[in-house]
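The values are calculated or read from the model by the stated rules, or taken from the named source; none is laboratory data. Computed from a predicted structure; not experimentally measured. All Cβ positions, glycine included, derive from the backbone under ideal geometry; neighbour counts span all protein chains shown.
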Amino acid sequence: MPSLGLFLSQLFNGLALGALLALVASGLTIIFGTLGFVNFAHGALFAFGAYAGYLTYQASGSFVLALVVGAAATGVLGLLLEWGLIRRYYSRPPEDQILVTFGIGIVIVESLRATFGGLTLNVPQPSWGNGILNLHYFFYPVYRLQVLGIAALALFALYLLIYWTRIGLIVRAGIEDPLMVRMLGIRVPRILTLVFGIGALAAGFAGVVDSPIVSVAPDVGSRVLVESFVVVVIGGLGSFPGAIIGGLIAGEILSLTSMINPAYSDVALYAAMALVLFLLPRGLLGTEGRI
């Protein structure tokens, strides 16, 4: 029987992991909810952000600057991908979208491998994240608690952007009636390009935040991609609040199950997804609309 300290430690691990998964999944759900586009390159964008943050951290010694540059570089890459290729597939069948984004992901990952090699790169924790806290029943790393706070702030910023800004209003209006939005003189394609860039930025930001915990490797985004899709399915396709709730649920399932038997953590996650789909085919907060 696990001790109380171990249980509480894993509970906090689940919250930190869940917040990161929610951040990655929020980028997926923003893209799908706005564009109706399935992005299988999201894991590769996570890895790209991690490498961009690593290079910046090595050059400057500032983890905050690494967060900014890693997220911004991934956002710019997302803008270029949408402008140069993705927008040509909006009206294509879903299988075409899957194939093209899957191919983009392979190109990004192999480019990273060719540039940096296949070995993992260790990213040191920032100086303000060093140390361990005594939480009475157990000791817990300071940086993991900070990860929870950083991810929560990033998710809150995305929420404000989508639901409380003019850009967010235009995005949601463009989903419902793009013709009317164009008649009002608003350039919808530019807004959709921006949305794809924001979704990519969220993945890159999460990659930098997670890099001191899992290290950096070309395939670091593969597992995150699968888990974030599970999060989106559990929370509901296109639902931003659903991505947050689904991320926290997935993080706790993975963490608490690994406390008992790590071999069954993935099995438990997929079983939970199957149960949710059986009871609620659209997910916990999914609706017939997208956002």
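Quick one: how many residues across region 233-275 are in contact with a Phe, Trp or Tyr (Cβ under 7 Å, 6 or more places away or on another chain), part of a helix (DSSP H, G or I) and not hydrophobic (A, V, I, L, M, F, W, C)?
1
Does any residue of region 88-99 turn out to be crowded, with 23+ Cβ neighbours inside 10 Å and either of a type in the set (A, V, I, L, M, F, W, C) or farther than 29 Å from Ser127 by Cα (or both)? Spell out how you get there, then give the answer.
Initial filter on region 88-99 (crowded, with 23+ Cβ neighbours inside 10 Å): none.
So far as region 88-99 goes, no, none of its residues is crowded, with 23+ Cβ neighbours inside 10 Å and either of a type in the set (A, V, I, L, M, F, W, C) or farther than 29 Å from Ser127 by Cα (or both).
List every residue pair whose Cβ atoms sit under 7 Å apart, with the two residues 6 or more apart in sequence or on different chains, where the first one lies in region 143-166 and is at pLDDT 90 or above and the second, anywhere, is in a loop (DSSP other than H, G, I, E, B).
Close Cβ pairs (under 7 Å, with a partner that is in a loop (DSSP other than H, G, I, E, B)) amount to Tyr143/Gln125.
Among Asn39, Asn122, which is the only one that is surrounded by fewer than 14 Cβ atoms within 10 Å (Cβ to Cβ) and not small (Gly, Ala, Ser)?
Working: Asn39 fails: surrounded by fewer than 14 Cβ atoms within 10 Å (Cβ to Cβ).
Asn122 is the lone residue from the list that is surrounded by fewer than 14 Cβ atoms within 10 Å (Cβ to Cβ) and not small (Gly, Ala, Ser).
Out of all the residues in region 214-236, is one or more on the phi > 0 side of the Ramachandran plot, of a type outside the set (A, V, I, L, M, F, W, C) and touching a helix residue (DSSP H, G or I) at 6+ places or on another chain (Cβ under 8 Å)? Before you say what the answer is, go through the steps one by one.
Keep residues of region 214-236 that are on the phi > 0 side of the Ramachandran plot, which gives 215, 236.
Restricting the remaining residues to those that are of a type outside the set (A, V, I, L, M, F, W, C) gives 215, 236.
Remaining after also requiring touching a helix residue (DSSP H, G or I) at 6+ places or on another chain (Cβ under 8 Å): 236.
Within region 214-236, one or more residues are on the phi > 0 side of the Ramachandran plot, of a type outside the set (A, V, I, L, M, F, W, C) and touching a helix residue (DSSP H, G or I) at 6+ places or on another chain (Cβ under 8 Å).
List every residue pair whose Cβ atoms lie under 6 Å apart, where the two residues are 6 or more positions apart in sequence or sit on different chains, the first residue falls within region 73-86 and is more than 17 Å from Ala47 (Cα to Cα), and the second residue, located anywhere, is of a type outside the set (A, V, I, L, M, F, W, C).
These pairs meet every condition: Glu82/Thr193; Trp83/Thr193.
Quick one: in region 105-114, of everything that is out of contact with any Gly (no Cβ under 8 Å at 6 or more places or on another chain) and surrounded by 19 or more Cβ atoms within 10 Å (Cβ to Cβ), which residue is farthest from Arg88 (Cα to Cα)? Full working, then the answer.
Of region 105-114, the ones out of contact with any Gly (no Cβ under 8 Å at 6 or more places or on another chain) are 106-108, 110-114.
Going one step further and asking which of them are surrounded by 19 or more Cβ atoms within 10 Å (Cβ to Cβ), we end up with 108, 112.
Details: Ile108: 19, Leu112: 25 Å.
By that ranking, first place goes to Leu112.
With the checklist (1) without any contact (Cβ under 8 Å) to a residue 24 or more places away in the chain; (2) touching a Leu at 6+ places or on another chain (Cβ under 7 Å) in hand, flag the one item Leu23 doesn't pass.
Going through (1) without any contact (Cβ under 8 Å) to a residue 24 or more places away in the chain; (2) touching a Leu at 6+ places or on another chain (Cβ under 7 Å) one by one, Leu23 breaks only (1).
So, Ile244, is that one surrounded by fewer than 19 Cβ atoms within 10 Å (Cβ to Cβ), within 24 Å of Gly129 (Cβ to Cβ) and at pLDDT 90 or above or not?
Working: surrounded by fewer than 19 Cβ atoms within 10 Å (Cβ to Cβ): no; within 24 Å of Gly129 (Cβ to Cβ): yes; at pLDDT 90 or above: yes.
Spelling it out, it is not the case that Ile244 is surrounded by fewer than 19 Cβ atoms within 10 Å (Cβ to Cβ), within 24 Å of Gly129 (Cβ to Cβ) and at pLDDT 90 or above.
Restricting to region 196-222, name every residue that is in contact (Cβ under 8 Å) with a residue 40 or more places away in the chain, of a type in the set (A, V, I, L, M, F, W, C) and part of a helix (DSSP H, G or I).
Keep residues of region 196-222 that are in contact (Cβ under 8 Å) with a residue 40 or more places away in the chain, which gives 196-213, 215-222.
Of the ones still in play, those that are also of a type in the set (A, V, I, L, M, F, W, C) are 196, 198, 200-203, 205-206, 208-209, 213, 216-217, 220.
Matches in region 196-222: Phe196, Ile198, Ala200, Leu201, Ala202, Ala203, Phe205, Ala206, Val208, Val209, Ile213, Val220.
Hey, can you tell me all the residues within region 257-283 that are at pLDDT below 90 and crowded, with 16+ Cβ neighbours inside 10 Å?
Ser258, Met259, Ser265, Asp266, Arg282, Gly283
Every residue in region 87-114 that is among the hydroxyl-bearing types (Ser, Thr, Tyr) and in contact (Cβ under 8 Å) with a residue 24 or more places away in the chain, please.
Restricting attention to region 87-114, the residues satisfying the condition of being among the hydroxyl-bearing types (Ser, Thr, Tyr) are 89-91, 101, 111.
Those that are among the hydroxyl-bearing types (Ser, Thr, Tyr) and in contact (Cβ under 8 Å) with a residue 24 or more places away in the chain: Tyr89, Tyr90, Thr101.
Can you pull out the helices (runs of 4 or more DSSP H) entirely within region 1-105 that have at least 2 residues that are at pLDDT 90 or above and among the β-branched types (Val, Ile, Thr)? Don't jump to the end; show me each part of the working.
Working: elements: 4-35, 42-60, 63-84.
Output list reads 63-84.
Checking the structure you have, find out if any residue of region 114-127 is in a helix (DSSP H, G or I) and aliphatic (A, V, I, L, M).
Step one: of region 114-127, the residues in a helix (DSSP H, G or I) are 114-116, 127.
From the residues that got through so far, the ones that are aliphatic (A, V, I, L, M) too are 114.
Looking for residues that are in a helix (DSSP H, G or I) and aliphatic (A, V, I, L, M), one finds at least one in region 114-127, hence yes.
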